[in-house]
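Encoded as structure tokens, the structure appears first; notes follow it.
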Amino acid sequence: MAELIEPSPQVLWQAANLEGELLNGPWQLLLLGDGSPTRHLQLLTGAVVEVEVAAMAAEPEGWLQPKQVEELETPLLRRQVWLICGGETLAWAESWWNQSKAEQNLRERHQPIWRSLTSNRTELFREVDGLALVNAPWLQKRFKRSGPFWSRHYRFFRQGATLTVIQEVFSPALERFLGSACTEKNYQRLLNMCGDAAKAADQIA
């Protein structure tokens, strides 16, 4: 497997708060709730979630990352995966770890993170830190959809300390199960806030 890490997707718009007022209810639960996304995908689709590891390597120096990554001890490792249900890619995720913590907690590379972290029934706490619209050509290619795409990032805490920082991006294909992420009026409002980059992305097939 190639260990080629992709730069994080470009952030076109970031929510000023986590109230999710622009989102319809089911998407608020998916993006702002504290449940496991892989568990949600499994329940929605009725299919086992397959984890395709795209890269798992040392963090490149100087790359953009959520500010919460500063809470992790160096050296850092970044893991990037695709989440697949019934042969369809429904999400992409990346996570940042202290390298030694990653060795302890990610022994099964192709296992969902929530399963790895809860295998010994250790108590964890999840805190959502950010909601955004993002885009990248490689996301459009894999999702087979035009962007922008809904994204969130959050932290897992264990015994009061940050264990990992995770960013997730979801495919619009999930609207088959959840309905539209937002009303057409709110979507156009978001495109206006995103600016020309988002409008251009919306025209890409």
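Since every read-out is calculated from the coordinates, none of them should be taken as a lab result. From a predicted model like this one, the values you see are computed outputs, not experimental measurements. Note that each Cβ is placed from the backbone with ideal geometry, even for glycine, and that neighbours are counted across all protein chains shown.
Quick one: order TYR187, TYR154 by neighbouring beta-carbon count within 10 Å, fewest to most.
Result, fewest neighbours first: TYR187, TYR154.
Just how far, in whole angstrom, is region 73-103 from region 3-22 if you go by their alpha carbon centroids?
Cα centres, region 3-22 to region 73-103: 16 Å.
Relative contact order of region 21-195, please, whole-number percent, based on alpha carbon pairs below 8 angstrom and at least 6 residues apart.
Relative CO of region 21-195 lands at 24 percent.
For region 1-74, which GluC sites (Glu not before Pro) pass both filters: DSSP loop (anything but H, G, I, E, B) and at most 12 other C-beta atoms within 10 Å?
Passing sites in region 1-74 are GLU3, GLU19, GLU21, GLU61, GLU73.
How do MET193, MET56 rank when sorted from fewest to most other Cβ atoms within 10 Å of their own Cβ?
MET193, MET56
Sort LEU43, LEU124, LEU191 by Cβ crowding within 10 Å, fewest neighbours at the top.
LEU43, LEU124, LEU191
Let's see if you can work this out: charge +1 on each Lys and Arg Cβ, -1 on each Asp and Glu Cβ, no other charges. What is the dipole magnitude of region 21-195 about its Cα centre, in debye to the nearest 20?
360 debye
Report, please, the projected area of the chain averaged over directions, based on the convex hull of its C-alpha atoms, in nm².
Answer in nm², one decimal: 11.4.
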